[in-house]
Amino acid sequence: MIVAGAGMAGLVTAVRARELGLAPVVYEKGTRPGGSMLLSSGVVWRHAEWEAFRRECPAGDERLQRLVWERLDDALDWLRSLGAPVLRDETENPLTTGMRFDTRGLTECLRSRVGTLRLGEPAPLDGDEPVVLATGGFGGSPELVARYVEPAAPLRLRANPWSTGDGLVHAHARGAALSAGMADFYGRNMPDTPWTEAEYVPAAQLYARRTRIFDEDGVEFFQAAAVSWSETNVVQATARRPGAHAYYLLTEEALADPEVFSRAGPTIAPGELPFAPPAETAAAVRVVASITHTIGGLRVDDRARVTREDGSAVDGLYAAGVDAGGVAAGGYASGLAQALVLGLVAAEAIAAA
């Protein structure tokens, strides 16, 4: 059994496969395990209400959504039973439920149980063994992002650099169908300044509902009232404006909010804007759309088997994490929850085959 990728999905797949008596070999073309999970806030969550999940991700595959929503709580308990370090038993968001993990501890907890892990080696995908594609989507490939997401300019990467669509390209060449949501992605509007991996979470400009949002040409292209709670929709809209940039315009009242003030920046004066701002503007932040992971990907069934357009399974090929597409199409749901549940499902399907 071959597992391609050592992010959350790949590690979970391998650990569960070993529990079931299989002997997986995990290949990671990068230099470390953990993928983008290691760089995240570590919150693994689902919508608190099923109807809210469907409403917020209306184009998603309902079978996969139901699978993730119904299995996540037990999957989180499974992680805890392995000794994964839980930082918080809740998400601090009344719309969601889940847990926050220490990502370094979680990575080490899983890595220590995978058996064979080969770092710096792309997975051999053309043999006779079952293969689980867990390469993290295609957000790290400017070419594939340009083809499917079609941003107005290249997107800054807010993720590990190794998720460049290897799973998608391999499976598609073998006849796999693509899911809904190929143009969708999860990311953040970030300051248009240099930032490092350590700043992926704290530098995210998560206060769009307190701003007015303009593009480089001075067009107010997004209304604050329309910003979703996750702010994913405004990031996707920014990606399709000139240069994939925007300006968040702030009033004195907004800046007086400690939550806004602590995140906003670096700010510029209204007179430095390339257009005449509204009179109430006290400061502005120039932001750039960044991509963390893609939402569209390979079409899979509820056993994580990669499928063709007619619904038949591509022999011996499975996908987990965001290599499997369409769970959150039209909106946003937890990529780590998808990785955890589909990793378990893929291992169990192979063991039962």
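One line per residue, one yes/no per condition, for (1) closer than 27 Å to residue 5 by Cα; (2) modelled with pLDDT of 95 or more; (3) part of a helix (DSSP H, G or I); (4) open to solvent by 30 Å² or more (accessible area, probe 1.4 Å):
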| site | (1), (2), (3), (4) |
| --- | --- |
| 202 | yes, yes, no, yes |
| 221 | no, yes, no, yes |
| 237 | no, yes, yes, no |
| 265 | no, no, no, no |
| 280 | no, yes, no, yes |
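Filter region 114-124 down to the residues that are open to solvent by 10 Å² or more (accessible area, probe 1.4 Å) and out of contact with any Phe, Trp or Tyr (no Cβ under 7 Å at 6 or more places or on another chain), then identify the one that is nearest to residue 304 (Cα to Cα). Don't jump to the end; show me each part of the working.
Looking only at region 114-124, we keep the residues that are open to solvent by 10 Å² or more (accessible area, probe 1.4 Å), and these are 115-124.
Then keep just the ones that are out of contact with any Phe, Trp or Tyr (no Cβ under 7 Å at 6 or more places or on another chain); that gives 115-117, 119-120, 124.
On the way: 115: 22, 116: 22, 117: 22, 119: 24, 120: 26, 124: 20 Å.
This residue is 124.
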- Query: Assuming residue 134 fulfils every condition listed in (1) more than 20 Å from residue 333 (Cβ to Cβ); (2) under 16 Å from the mean Cα position of the chain (by Cα) apart from one, which condition is it?
  - Reply: (1)
- Which members of region 284-306 meet the condition of being open to solvent by 10 Å² or more (accessible area, probe 1.4 Å) and either within 27 Å of residue 267 (Cβ to Cβ) or polar (S, T, N, Q) (or both)? 286, 292
- Which of (1) within 24 Å of residue 305 (Cβ to Cβ); (2) outside any loop (DSSP other than H, G, I, E, B) is the odd one out, the single condition residue 127 does not satisfy? (2)
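Conditions (1) buried (at least 19 other Cβ atoms within 10 Å of the Cβ); (2) over 30 Å from residue 307 (Cβ atoms); (3) touching a residue at least 60 places away in the same chain (Cβ under 8 Å), marked per residue:
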site: 166; (1), (2), (3): yes, no, yes
site: 172; (1), (2), (3): no, no, yes
site: 175; (1), (2), (3): no, no, yes
site: 184; (1), (2), (3): yes, no, yes
site: 188; (1), (2), (3): yes, yes, yes
site: 194; (1), (2), (3): no, yes, no
site: 198; (1), (2), (3): no, yes, no
site: 212; (1), (2), (3): yes, yes, yes
- Out of 83, 137, 127, sole residue that is of a type outside the set (A, V, I, L, M, F, W, C), closer than 27 Å to residue 350 by Cα and crowded, with 21+ Cβ neighbours inside 10 Å: 137
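Does region 31-50 contain at least one residue that is within 13 Å of residue 328 (Cβ to Cβ) and without any contact (Cβ under 8 Å) to a residue 60 or more places away in the chain?
Applying the first criterion (within 13 Å of residue 328 (Cβ to Cβ)) to region 31-50 yields 45-47.
Those still in the list that are without any contact (Cβ under 8 Å) to a residue 60 or more places away in the chain too: none.
No, that holds for no residue.
Of a type in the set (Gly, Ala, Ser), crowded, with 18+ Cβ neighbours inside 10 Å, over 16 Å from the mean Cα position of the chain (by Cα) and not in a strand (DSSP E or B): which single residue out of 75, 146 fits that description? Break it down into steps so the answer makes sense when it comes.
On the way: 146 fails: crowded, with 18+ Cβ neighbours inside 10 Å.
Answer to the selection: 75.
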- Listed by first then second residue, the pairs whose first member lies in region 232-258 and is farther than 15 Å from residue 183 by Cα, whose partner is open to solvent by 30 Å² or more (accessible area, probe 1.4 Å) and part of a helix (DSSP H, G or I), with beta carbons under 7 Å and at least 6 positions apart or on separate chains, are 254/210; 255/261; 257/210
- Tally of residues being open to solvent by less than 10 Å² (accessible area, probe 1.4 Å) and under 14 Å from the mean Cα position of the chain (by Cα) across region 314-333: 9
- Which condition breaks for residue 45 when tested against (1) open to solvent by 10 Å² or more (accessible area, probe 1.4 Å); (2) touching a helix residue (DSSP H, G or I) at 6+ places or on another chain (Cβ under 7 Å); (3) assigned to a helix (DSSP H, G or I)? (3)
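The values are calculated or read from the model by the stated rules, or taken from the named source; none is laboratory data. Nothing here was measured: the structure is a model prediction, and the numbers come from that model. Cβ coordinates were reconstructed from backbone atoms using ideal geometry, including for glycine residues, and neighbour counts include every protein chain displayed. Note: areas computed on protein heavy atoms with side chains; ligands, DNA, RNA excluded. Shrake-Rupley method; radii C 1.70, N 1.55, O 1.52, S 1.80 Å.
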